Amino acid sequence: MFLTPEHEELKRTVERFCTQEINPHVEEWEEAGIFPAHEVFGKLGSLGLLGLTKPEAYGGAGLDYSYSVVMAEALGSCRCGGVPMAIGVQTDMATPALARFGSDEVRTQFLAPSISGEYVACLGVSEVGAGSDVASLKTTARKDGGDYVINGGKMWTTNGTQADWICLLANTSEGSAHRNKSLICVPMKTRGVEVARKLKKAGMNSSDTAQLHFDDVRVPQRYRIGEEGMGFMYQMMQFQEERLWAAAGWQKNKEIIRETIDYLRERQAFGKPLLDNQFIYFKLAELQTEAEAVGALFHKAVALYVAGNDVTQLASMCKLKAARVAREVGDWCVQFWGGMGYVEETRVNRFWRDTRLSSIGGGADEVMLGIIAKTMGILPRNG
Ligand SMILES: Cc1cc2nc3c(=O)[nH]c(=O)nc-3n(C[C@H](O)[C@H](O)[C@H](O)COP(=O)(O)OP(=O)(O)OC[C@H]3O[C@@H](n4cnc5c(N)ncnc54)[C@H](O)[C@@H]3O)c2cc1C
């Protein structure tokens with residue numbers, strides 16, 4: 001992707017932020033299983049980094065999506081995956097539909113403070129019984145006077161223990177599963193919203209992940225985003241940016257490969273550096289090639305998206321390929337680091353644990369394959 005001086009400046013700003021404000025605290029936050037989102041988002045907000053592509057009327061910078069991508073790539077210089085993921089939820093997963101389809105009132109109330117960093121946002125799509133199959137979710141928002149009364153629960157909600165509001169997908173009527181859902185902004189302090197538990201995970205540990213319950217939660221119907229019944233469609237559109245954001249981590253592969261090369265150059269076995277084994281340097285050369293290939297695919301998708309095209313197929317390919325390559329890089333690098341690769345304190349170990357999520361979260365690999373097959377016209381009707 002062609003970087004303008006403005007892109008370069010943004011990249012430097014984000015990298016500096018990672019070095020100064022995130023990396024010194026990563027070990028503590030990983031250990032604690034949470035990072036102080038209000039504090040970090042407040043600082044990001046004051047630098048204008050939470051609203052790059054959002055409308056200027058609500059405090060955003062009104063830039064095109066290439067700037068979001070530069071930020072997502074630059075966040076790869078964080079020494080963990082959890083904080084960048086939490087930031088991505090705020091900027092590219094919980095707020096795109098609100099920015100595009102929300103009324104002036106909900107944008108003022110929920111979007112503006114999410115851009116300034118005063119509010120932490122989370123996204124409530126997945127449920128205990130509905131992850132890949134989003135259409136089958138069970139949470140309901142029943143109309144009562146001018147309100148919705150919400151009952152149900154959400155699972156694996158990133159930022160969920162500390163969020164101020166949730167972008168919630170719920171069934172607002174009976175009927176077709178693709179036409180009966182709405183996205184609703186729900187303040188997390190509303191009576192009946194309960195953080196049932198904080199989930200302990202294998203990776204992404206500095207990011208908090210919650211299970212949430214909704215018990216007769218009453219919010220005004222005007223907190224709905226856009227048209228009633230359009231929630232599923234809006235969420236599918238919102239997923240495009242989520243999936244592109246997820247693929248932006250491709251850069252980090254090269255950092256992990258670089259660190260591994262440095263380690264293997266020093267580490268001796270059988271009288272020579274481990275790096276001098278052809279099997280190892282060939283494998284690293286192959287992984288580097290794979291990483292570059294993901295980058296090329298990703299930048300093609302971004303360029304088309306910025307130009308206003310539908311990139312459903314390419315975004316799904318990016319998500320699929322980026323996830324698989326990251327897992328492969330993590331797995332091989334752990335292998336080459338040997339015993340130290342298996343020790344949690346090494347960066348390669350954290351990368352390996354963090355990136356396992358990439359083939360599951362935000363649409364599993366098999367869901368991406370289903371979308372790609374559908375856009376190729378080869379998915380059977382009941383596939
Ligand atoms: C750390 C973390 C953070 C998350 N953050 C959020 C969040 O902020 N908000 C949110 O809404 N959700 C979030 N999620 C949920 C995530 O998006 C789901 O876990 C994911 O969509 C998969 O759903 P599931 O876990 O129910 O898997 P299931 O739907 O039970 O699927 C299990 C496995 O079956 C396979 N599979 C699924 N469908 C098919 C198919 N059609 N054909 C073949 N194989 C298939 C896949 O391998 C899949 O991994 C998060 C999850 C994690 C772990």
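For region 150-171, which positions are part of a strand (DSSP E or B) and either open to solvent by 10 Å² or more (accessible area, probe 1.4 Å) or without any contact (Cβ under 8 Å) to a residue 24 or more places away in the chain (or both)?
151, 152, 153, 155, 156, 158, 171
For residue 176, state whether it is farther than 14 Å from residue 97 by Cβ, within 16 Å of the ligand (Cβ to nearest atom) and either assigned to a loop (DSSP other than H, G, I, E, B) or open to solvent by less than 40 Å² (accessible area, probe 1.4 Å) (or both).
no
Only one of these is in contact with a Lys or Arg (Cβ under 8 Å, 6 or more places away or on another chain), within 13 Å of the ligand (Cβ to nearest atom) and touching a residue at least 60 places away in the same chain (Cβ under 8 Å): 211, 238. Name it.
Going through 211, 238 in turn, the sole match is 211.
Please verify whether residue 44 is open to solvent by less than 10 Å² (accessible area, probe 1.4 Å), more than 16 Å from the ligand (Cβ to nearest atom) and under 17 Å from residue 163 (Cβ atoms), treating the condition exactly as stated.
yes
Being open to solvent by less than 40 Å² (accessible area, probe 1.4 Å) and touching a strand residue (DSSP E or B) at 6+ places or on another chain (Cβ under 8 Å) is the filter here; which residues of region 199-220 pass it?
199, 207, 208, 209, 210, 211, 212, 214, 217, 219, 220
Tally the residues that are touching a residue at least 12 places away in the same chain (Cβ under 8 Å), assigned to a loop (DSSP other than H, G, I, E, B) and either within 16 Å of the ligand (Cβ to nearest atom) or surrounded by fewer than 18 Cβ atoms within 10 Å (Cβ to Cβ) (or both), restricting the search to region 106-139.
Summing the residues that are touching a residue at least 12 places away in the same chain (Cβ under 8 Å), assigned to a loop (DSSP other than H, G, I, E, B) and either within 16 Å of the ligand (Cβ to nearest atom) or surrounded by fewer than 18 Cβ atoms within 10 Å (Cβ to Cβ) (or both) in region 106-139 gives 11.
Of the conditions (1) in a strand (DSSP E or B); (2) in contact (Cβ under 8 Å) with a residue 40 or more places away in the chain; (3) more than 15 Å from the ligand (Cβ to nearest atom), residue 142 satisfies every one except a single condition; which number is it?
Here residue 142 meets the rest and fails (2).
Counting just the residues of region 350-383 that are within 9 Å of the ligand (Cβ to nearest atom) and surrounded by 21 or more Cβ atoms within 10 Å (Cβ to Cβ), which one comes out nearest to residue 325 (Cα to Cα)?
This residue is 357.
Give all pairs with beta carbons closer than 6 Å in which a residue from region 325-340 that is in contact (Cβ under 8 Å) with a residue 24 or more places away in the chain and open to solvent by 60 Å² or more (accessible area, probe 1.4 Å) meets a residue that is part of a helix (DSSP H, G or I) and among the hydroxyl-bearing types (Ser, Thr, Tyr); count only pairs at least 6 apart in sequence or on separate chains.
Sorted first by the residue in region 325-340, then by its partner, the pairs are 327/355.
The values are calculated or read from the model by the stated rules, or taken from the named source; none is laboratory data. Note that the coordinates shown come from a computational prediction; the quantities given were computed from them, not determined experimentally. For neighbour counting, all protein chains shown are included, and Cβ atoms are generated from backbone atoms with ideal geometry for every residue, glycine included. Just the protein is used for accessible areas: all its heavy atoms, side chains included, with ligands, DNA and RNA removed. Shrake-Rupley method; radii C 1.70, N 1.55, O 1.52, S 1.80 Å.
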